[in-house]
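Enquirer: One structure follows; several queries about it will come next.
The values are calculated or read from the model by the stated rules, or taken from the named source; none is laboratory data. As the structure is a computational prediction, the values presented were derived from the model and not from experiment. In this analysis, Cβ positions are derived from the backbone assuming ideal geometry, glycine residues included, and neighbour counts consider all displayed protein chains. Note: accessible area is taken over every heavy atom of the protein model, side chains too, but ligands, DNA and RNA are not part of it. Shrake-Rupley method; radii C 1.70, N 1.55, O 1.52, S 1.80 Å.
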Number of protein chains: 2
Amino acid sequence: MSLLVIGSVAFDALETPFGKTDKIIGGSATYGSLSASYFTKNINLVAVVGDDFPAEKIELMQKHGINTEGLQIKKGEKSFFWSGRYHNDMNSRDTLVTELNVLADFDPIIPESYQNCEFLFLGNLTPQIQQTVINRLKNRPRLIVMDTMNFWMEIALDDLHKTLKMVDVLTINDEEARQLSGEYSLVKAAKKIMAMGPQFLIIKKGEHGALLFHKDQAFFCPALPLEEVFDPTGAGDTFAGGFMGYIAKTEDVSFENMKRAIVYGSAMASFCVEKFGTERIVNLTESEITDRVKQFKQLSQIDLELI
Amino acid sequence: MSLLVIGSVAFDALETPFGKTDKIIGGSATYGSLSASYFTKNINLVAVVGDDFPAEKIELMQKHGINTEGLQIKKGEKSFFWSGRYHNDMNSRDTLVTELNVLADFDPIIPESYQNCEFLFLGNLTPQIQQTVINRLKNRPRLIVMDTMNFWMEIALDDLHKTLKMVDVLTINDEEARQLSGEYSLVKAAKKIMAMGPQFLIIKKGEHGALLFHKDQAFFCPALPLEEVFDPTGAGDTFAGGFMGYIAKTEDVSFENMKRAIVYGSAMASFCVEKFGTERIVNLTESEITDRVKQFKQLSQIDLELI
């Protein structure tokens, strides 16, 4: 069952209390597709880079089973670049540089071979581009999952609302859920956001775990308590990629199965933050992932008879 | 199996975004013993009040099966009084008034009938008083659980360290765990704090749930996502009381059983925040508690086969 991933493929330069990097690869579609690749080898990527993007990084994606036919390489142009500095608590960061470059006029072309995908992950991009992708698919995918961010709530709220009506699952963080809904309580926020379109809502709370809402049901998955969070960049996209990959592998879009998918997504995110950028998630083994999921089980699952 | 609860029995005056109260009853031992009373009727209270404390509130405790023989009533003196105002997010508060009154020279006298208790909950008081209580017990209880706060870390750290060596379980919040250990990572903080004495550590994270640590194991219990947090006062003590009550009822001090006790403690705390002060936890039914624990099960427990 094929998974279509669209989002940014880009350069990041990061500063954390543990050190700093030169330009390394990043972007929502990079993290998302690499993470999903541990669950399914039928991944089709749509993104755009400049000709400054290293060929060996594209080959790395291909080695992970990611089809890059839909990755446009713009001659004479530069890839999207973001630079940020994390504060000591790792929960907040300042943006130092944002250079849109090739993203400024990105036209998401869907190769013919990508049509009839079953699962679609819309990584963080303008709501307008996300909409265009859906409209260019001849058949609606079984499940459309969309990520977004506060920036689009500020400058493209109408477009965002239109796109929200077209998707099944929205993933956002807690502050974004509060901003989008105008409600501080996440339970109230979830109700309002689901009324905007998506039947399922995943609220990512970073070190405090993730909540899945559907109708009047909720499921909570903790984040693994870690000795050290080295670099949180990409953790949310890695989470979403693991979630989508698990759904694509199991071909089951029920609420029950989404709960399991969230545990796998959280496990993938817990690897991501252990090293800079994509370093940790390009070399995982199946048994490392299984062990991590076992840790989640031990952390949260109990034999609870009611007394 | 008897449970000895020591802590404050006091007056609070509260301001939240939802309203304000006159002087209402509060205090760590009040919340703790009321919460525990839903699990065991063998609760012995040690505390001190002035003669301004209403007799009907003492009767209310007795009706909950709480033995108040060890509640000293000081003639001509006033009860401990605390007043605070919560900020809009309900996660932080300002102290407006603290009047120690009878707590200033509290000598915790243990009635003879309280000796040989199996379980001891040391609610938040000076570490010196907590130590005195342990020293005055002829036989060491099977399980000693201690709560404390940042204030004692600032003005009585040596005493706190001495008391920590004498207890089995410490309950503190995340900020206090960071302060006590000097570590931001809660995993590192837990290791350092367990090396100070307690074999078990419970870190309370408010709306973000609670973590139990023991040796190299960890268990996480979420907080129930609520539409409205009306008043968080006493939630931590209500949590601890539910935890202790469950342990006393089941007479099982294993790590596995503590996991279940934390779920029951969290369920009790989720009631506490629904109304001002003790209002919600004085009138609970068994089926309300069972339903709430079922909600925790639905929220966090899944059928997770490894793939």
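Enquirer: On average, how many beta carbons from a partner chain sit within 10 Å of the beta carbon of a residue in B:220-229? Please list the in-between numbers first.
Expert: On the way: counts 11, 5, 9, 2, 3, 11, 4, 6, 4, 2.
For peptide B:220-229, the averaged partner shielding equals 6.
Enquirer: Assuming 0.692 mPa s and 37 °C, estimate D for the stretch B:1-160 with Stokes-Einstein, Rh taken as the Kirkwood radius over Cα pairs, in µm²/s. Don't jump to the answer; show the numbers that get you there.
Expert: Details: Rh = 16.3 Å.
The diffusion coefficient I find is 201 µm²/s.
Enquirer: Further question on the same structure: Which percent of the accessible area of the stretch B:115-239 is formed by carbon and sulfur heavy atoms (probe 1.4 angstrom)? Walk me through the intermediate numbers first.
Expert: Details: 2370 of 4680 Å².
Taking all protein chains in place, the stretch B:115-239 shows 51 percent carbon and sulfur surface.
Enquirer: Kirkwood Rh over Cα pairs of the stretch B:57-120 into Stokes-Einstein at 20 °C, 1.002 mPa s: D in µm²/s? Walk me through the numbers before you get to the answer.
Expert: On the way: Rh = 15.0 Å.
Estimated via Stokes-Einstein, D reaches 143 µm²/s.
Enquirer: Here is a further query. Sorted from largest to smallest, which semi-axis lengths in Å does the alpha carbon gyration tensor of the stretch B:245-307 give for its equivalent ellipsoid, taking the root of 5 times each eigenvalue?
Expert: For the stretch B:245-307, the semi-axes come out at 24, 17, 9 Å.
Enquirer: In Å, what Rg and Dmax follow from the Cα atoms of the stretch B:95-185?
Expert: 14.2, 44
Enquirer: Can you compute 3J(HN,Hα) from phi for each residue in the stretch A:119-136, using the Karplus curve 6.51 cos²θ - 1.76 cosθ + 1.60 with θ = phi - 60°, rounded to whole Hz and x for Gly and Pro?
Expert: 10, 10, 10, 9, x, 4, 8, 4, x, 5, 5, 4, 4, 4, 4, 4, 5, 8
Enquirer: Spin-label point model (7 Å from Cα, Cβ direction): what's the B:Asp22 to B:Leu60 distance in nm?
Expert: For the pair B:Asp22/B:Leu60, the computed spacing is 1.4 nm.
Enquirer: As an exercise, take the mean of 1/r over every pair of distinct alpha carbons in the stretch A:155-304, invert it, and state the Kirkwood radius in angstroms.
Expert: Values: mean 1/r = 0.0625 Å⁻¹.
Result for the stretch A:155-304, one decimal place: 16.0 Å.
Enquirer: Report the accessible area of A:Ile25, computed with a 1.4 Å probe over the heavy atoms of all protein chains in place, in Å² rounded to the nearest 10.
Expert: 10
Enquirer: Would you mind checking which residues have amide H under 5 Å from B:Val46's amide H? H placed 1.01 Å from N; only 5 or more apart, or other chain.
Expert: HN-HN under 5 Å from B:Val46: B:Val5, B:Ile6, B:Gly7.
Enquirer: Considering only protein heavy atoms, what per residue accessible area in square angstrom results for chain A with a 1.4 angstrom probe? Intermediate values should be presented prior to the final figure.
Expert: On the way: 12080 Å² over 307 residues.
In whole numbers, chain A has 39 Å² accessible per residue.
Enquirer: To continue, here is another question. Amide H of A:Lys74: which non-local residues (sequence gap of 5 or more, or other chain) have their own amide H closer than 5 Å, using H built in the peptide plane?
Expert: Correct list: A:Val49, A:Gly50, A:Asp51.
Enquirer: Follow-up question, since we're still on this one. For the stretch A:140-200, what is the convex hull volume of the alpha-carbon atoms per residue, in Å³?
Expert: On the way: hull volume 4.3 nm³, N = 61.
Output value, Cα hull per residue: 71 Å³.
Enquirer: Taking 7 Å along the Cα-to-C-beta vector as the label spot, tell me the A:Glu227-A:Lys215 distance in nanometres, rounded to one decimal.
Expert: So the label points at A:Glu227 and A:Lys215 sit 4.5 nm apart.
Enquirer: What lysines could a cross-link reach from B:Lys75, if we take a straight Cα to Cα line under 26 Å and drop same-chain neighbours fewer than 8 places away?
Expert: B:Lys23, B:Lys57, B:Lys63
Enquirer: Based on the Kirkwood radius over alpha-carbon pairs, what value in µm²/s does the Stokes-Einstein equation return for the translational diffusion coefficient of chain B at 37 °C and 0.692 mPa s? Mind showing how you got there, number by number?
Expert: Working: Rh = 19.3 Å.
It diffuses with D of about 170 µm²/s by this estimate.
Enquirer: For the protein assembly as shown, what proportion of DSSP beta bridges, expressed in % and rounded to the nearest 5, is antiparallel? Kindly include the intermediate steps, with their values, before the conclusion.
Expert: Working: 42 of 106 bridges.
If I count the DSSP bridges inside the protein assembly as shown, around 40 percent turn out antiparallel.
Enquirer: Right, something else. Please give the total accessible area that chains B and A bury against each other, computed with a 1.4 Å probe and expressed in Å² to the nearest 100.
Expert: On the way: alone 14050 and 14070 Å², together 24140 Å².
Summed over both sides, the interface buries about 4000 Å².
Enquirer: Which of the trypsin sites (Lys or Arg not before Pro) found in the stretch A:54-138 are in a DSSP loop and have at most 15 neighbouring Cβ atoms, other than their own, within 10 Å? Provide the component values of the computation, followed by the final result.
Expert: Values: sites: A:Lys57, A:Lys63, A:Lys74, A:Lys75, A:Lys78, A:Arg85, A:Arg93, A:Arg136, A:Lys138; in loops: A:Lys75, A:Lys78, A:Lys138.
Of the trypsin sites (Lys or Arg not before Pro), the ones in loops of the stretch A:54-138 whose Cβ has at most 15 other Cβ atoms within 10 Å are A:Lys75, A:Lys138.
Enquirer: What's the Kirkwood radius of the stretch A:233-276 in Å, using all Cα pairs?
Expert: Working: mean 1/r = 0.0978 Å⁻¹.
Over the stretch A:233-276, the inverse of the mean reciprocal pair distance is 10.2 Å.
Enquirer: Calculate the spin-label point distance for A:Ser92 paired with B:Glu274, positioning each point 7 Å from the Cα along the beta-carbon direction, and give it in nanometres.
Expert: 3.5
Enquirer: I would also like to ask the following. For B:Leu96, A:Leu71, give the ranking by accessible area with the largest first, probe 1.4 Å. Kindly include the intermediate steps, with their values, before the conclusion.
Expert: Numbers: B:Leu96 70, A:Leu71 15 Å².
So the residues, ranked largest to smallest area, are B:Leu96, A:Leu71.
Enquirer: If you don't mind, another one. Report the net charge of residues surrounding A:Lys205, where surrounding means a beta-carbon distance below 13 angstrom and charges are Lys +1, Arg +1, Asp -1, Glu -1. Please list the in-between numbers first.
Expert: Details: positive: A:Arg178, A:Lys204, B:Lys205; negative: A:Asp174, A:Glu175, A:Glu176, A:Glu207, B:Glu207.
My count for the surroundings of A:Lys205 gives -2.
Enquirer: Excluding B:Asn173 itself, calculate the net charge of residues whose Cβ lies under 9 Å from the Cβ of B:Asn173, where each Lys or Arg counts +1 and each Asp or Glu counts -1.
Expert: Working: positive: B:Lys204, B:Lys205; negative: B:Asp174, B:Glu175, B:Glu176.
Value of the local net charge: -1.
Enquirer: Lysines near B:Lys188 by alpha-carbon distance under 20 Å, same-chain residues fewer than 8 away left out - which ones?
Expert: Partners found: A:Lys275, B:Lys165, B:Lys204, B:Lys205, B:Lys215.
Enquirer: Determine the percent antiparallel among the DSSP beta bridges restricted to chain B, to the nearest 5.
Expert: Working: 21 of 53 bridges.
Of all bridge pairs located within chain B, approximately 40 percent are antiparallel.
Enquirer: Moving on to the next point. Suppose we look only past 20 Å in the calculated P(r) of the stretch A:12-100. What percent of the Cα-Cα pairs does that tail hold?
Expert: Details: 1672 of 3916 pairs.
Considering the stretch A:12-100, 43 percent of its Cα-Cα pairs are separated by more than 20 Å.
Enquirer: Once each part is reduced to its C-alpha centroid, what is the distance from the stretch B:207-286 to the stretch B:1-60 in angstrom?
Expert: 17
Enquirer: Give the ranking of B:His208, B:His161 by solvent-accessible surface, highest area first, calculated with a 1.4 Å probe. Could you put the intermediate results ahead of the total?
Expert: Working: B:His208 35, B:His161 55 Å².
Correct descending sequence by accessible area is B:His161, B:His208.
Enquirer: Over chain B, what relative contact order in percent results from Cα pairs under 8 Å that are six or more residues apart?
Expert: Working: 656 pairs, mean separation 53.1, N = 307.
After rounding, I find 17 percent.
Enquirer: Could you work out the mean projected area of the convex hull around the alpha carbons of the protein assembly as shown, in square nanometres to one decimal?
Expert: 26.9
Enquirer: Can I ask one more? For the stretch A:104-113, just list the computed ³J(HN,Hα) in residue order, Karplus coefficients 6.51, -1.76 and 1.60, θ = phi - 60°, integers in Hz, with x standing in for Gly and Pro.
Expert: Result, ordered by residue: 4, 10, 5, 10, x, 7, 9, x, 4, 5 Hz.
Enquirer: To the nearest 10 square angstrom, what accessible area does A:Ile203 show with a 1.4 Å probe?
Expert: Number for this one is 0 Å².
Enquirer: Let me ask another. For the stretch B:124-167, divide the Cα radius of gyration by the Kirkwood radius and give the resulting Rg/Rh value with two decimals. Don't jump to the answer; show the numbers that get you there.
Expert: Details: Rg = 10.3 Å, Rh = 10.7 Å.
In the stretch B:124-167, Rg relative to Rh is 0.96.
Enquirer: Select from the stretch A:173-201 all residues whose loss of accessible area on going from the chain by itself to the full protein assembly reaches 10 Å² or more (probe 1.4 Å).
Expert: Hits at the 10 Å² cut-off: A:Arg178, A:Tyr184, A:Ser185, A:Val187, A:Lys188, A:Lys191.
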